[in-house]
Amino acid sequence: MNAGIAIDRSKRIELIVLGLALAGLGFVAWRCAGVVPAWFYYAYIVASVAIGLTLYFTLTKLDQPLRRRLVLFLIGSSLFGAAALRDMIHALFQIEGLFFDLMTGVLLAAVIHYLIAKLLGPLLFGRVWCGWACWTALLLDQLPFKRSPGRRPGRWGALRYAHFGLSLGLVALLWYGLGYRPGAGGPPALAWFLAGNALYYSAGVALAFALKDNRAFCKYLCPVAVPLKLSSRFALLKVKGDPQKCCERRVCEKVCPMDIRIADYLQRGERVLSTECILCQACISVCPEQALELSFGLDLGGKERLRETKLPAPTLRG
């Protein structure tokens, strides 16, 4: 009975906090039709991060995945709102905006964003963006498929490289073939940003329901994962474990949203070297022996040991 009351109360708290976050986003979007002061822009992000992390460490009676989704919602939605505001005024933050900025040969806002969040940042903290800040994942993680059935066998992951190439090809066509110049933001950049994210959300939701996997878009189709996987190979922060404590029940692997065979790394005396790790820490929170923890160190990632789903054998018809 007490557990049921606690769960109901926790859900009410989550709904209140998420409602306030949505209301804040709406207020900011309404107020910022014109030029946004830099102090307001950055204070908006910092406040969301501070609130999210404060709630994460204070609402300890909630399970870790729920608290992380709450933080992801607060941080991701604030970054989405801030990026949309920047698009209205200064730059396009879709990955195509990065390509357009690179075409100009000038270090513009989108290039700086990708350098910090998607290339240099992961050298230190791996794919923490995917686990705690991505505004696409903030929606996908709210979908009902909390346990991944495993990776699809084959080369499904090649789709994200194809998506990356198509985005680059589209920008090259517009730039060199049609002479299109997006300028320094404004309504066209905002429209591109919103339309691009609508496509991402639609594809992500469709894939999640088709494959019964919330993070299917992240695994197979997200073009941003291409630079993230490259730099996170060298990340200093990774999950490590004590093989002596590991009971090999592989509970950690059952909750891993990215299907990493965590125990296999422990058995080899390695940290979790997969570039698919998003540092969500679900594995750490459920380990019954407390054998896992975050650590800083020097090693080269990229050794992918992933759990694949078992597809039903084809039926032979005589």
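With the structure loaded, tell me whether Arg155 is closer than 17 Å to Cys277 by Cα and either assigned to a helix (DSSP H, G or I) or out of contact with any strand residue (DSSP E or B) (no Cβ under 8 Å at 6 or more places or on another chain) (or both) or whether it fails that test.
no
Every residue in segment 242-262 that is buried (at least 18 other Cβ atoms within 10 Å of the Cβ) and farther than 24 Å from Asp141 by Cβ, please.
Correct list: Cys246 only.
Working only within segment 188-203, note down all residues that are of a type in the set (A, V, I, L, M) and either part of a loop (DSSP other than H, G, I, E, B) or crowded, with 22+ Cβ neighbours inside 10 Å (or both). Write out each step before concluding.
Going through segment 188-203, the residues of a type in the set (A, V, I, L, M) turn out to be 189-191, 194-195, 198-199, 203.
Matches in segment 188-203: Ala189 only.
Here is a list: Tyr180, Tyr200. Which entry is of a type in the set (Ser, Thr, Tyr) and either modelled with pLDDT under 90 or in contact with a strand residue (DSSP E or B) (Cβ under 9 Å, 6 or more places away or on another chain) (or both)?
Only one candidate qualifies: Tyr180.
Between Gln281, Gln290, which is within 17 Å of the chain's Cα centre (by Cα), polar (S, T, N, Q) and not assigned by TED's automatic domain parsing to the domain that holds Arg69?
Gln281
Would you point out which residue out of Leu79, Leu66, Leu74, Leu59 is at pLDDT 75 or above and touching a Lys or Arg at 6+ places or on another chain (Cβ under 8 Å)?
The conditions single out Leu59.
Within segment 154-180, work out how many residues are within 22 Å of the chain's Cα centre (by Cα) and exposed (fewer than 11 other Cβ atoms within 10 Å of the Cβ). Walk me through it before giving the result.
From segment 154-180, those within 22 Å of the chain's Cα centre (by Cα) are 155-168; that's our starting set.
Applying the additional criterion that residues be exposed (fewer than 11 other Cβ atoms within 10 Å of the Cβ) yields 155, 158.
Matching residues across segment 154-180 total 2.
Between Val106, Val111, which is in contact with a helix residue (DSSP H, G or I) (Cβ under 8 Å, 6 or more places away or on another chain), surrounded by fewer than 21 Cβ atoms within 10 Å (Cβ to Cβ) and of a type in the set (A, V, I, L, M)? Let's see the steps before the verdict.
Details: Val106 fails: in contact with a helix residue (DSSP H, G or I) (Cβ under 8 Å, 6 or more places away or on another chain).
Matching residue, one of Val106, Val111: Val111.
Within segment 98-114, which residues are closer than 25 Å to Arg233 by Cβ and modelled with pLDDT under 85?
Asp101, Leu107, Ala110, Val111, Ile112, His113
Being among the basic types (Lys, Arg) and without any contact (Cβ under 8 Å) to a residue 40 or more places away in the chain is the filter here; which residues of segment 143-180 pass it?
Just the residues of segment 143-180 that are among the basic types (Lys, Arg), to begin with: 146-147, 151-152, 155, 160.
Matches in segment 143-180: Arg155 only.
Counting only residues that are in contact with a Gly (Cβ under 8 Å, 6 or more places away or on another chain) and in a loop (DSSP other than H, G, I, E, B), which one in segment 127-152 is surrounded by the fewest Cβ atoms within 10 Å (Cβ to Cβ)?
Taking the candidates together, the pick is Thr136.
The values are calculated or read from the model by the stated rules, or taken from the named source; none is laboratory data. Quick caveat, the model's predicted, so the values are computed rather than measured. All Cβ positions, even for glycine, are placed from backbone atoms using ideal geometry, and neighbour counts span all protein chains on display.
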